[in-house]
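Presented below is the structure to which this report refers.
Read-outs throughout are calculated quantities, based only on the coordinates presented, and are distinct from any laboratory measurement. Note that this is a predicted model, so its numbers are computed, not measured. We place every Cβ from the backbone using ideal geometry, glycine too, and count neighbours over all the protein chains shown.
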Amino acid sequence: MTSLRISDAAALLGVSDDTVRRWIDQGRLNQVVLENGRKGVDGRELAAFAQRMADAPESGASVAVSARNRMRGIVTRVVKDGVMAQVELQAGPFRIVSLMSRESAEELGLDVGTVAVASIKSTHVVVGIPEA
């Protein structure tokens, strides 16, 4: 069984340690006791919780889309030239960069500070395991 420290769980979910502690206090997540005697969260339970959070409908979300990988974040940078735009989005700890037409960026009103949802659909996704 994989157990995670509260700080690690918070980092994976893109929230504060205090938010994870509140969820434990509210009964939304179950607490486990780690080998060092500190509070933690079971990895499988955290994965299921993260999935429920991701599956929750967002206000203003599309009724149906084929892309399953959606990440809500805030636009941190927009670079436009004559035809194209590069839009950077910070979604929790993740930086997402999208290249699109300048027209699309302008129609969507994408500027620094705009809340946006990145939908990612790919036939090639590389998954790795970080060092312990």
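Quick notes on this structure:
- Ordering ILE129, ILE120 from the fewest to the most neighbouring beta carbons within 10 Å gives ILE129, ILE120.
- Degrees separating the helix 43-55 axis from the principal Cα axis of the chain, which is the longest one: 30
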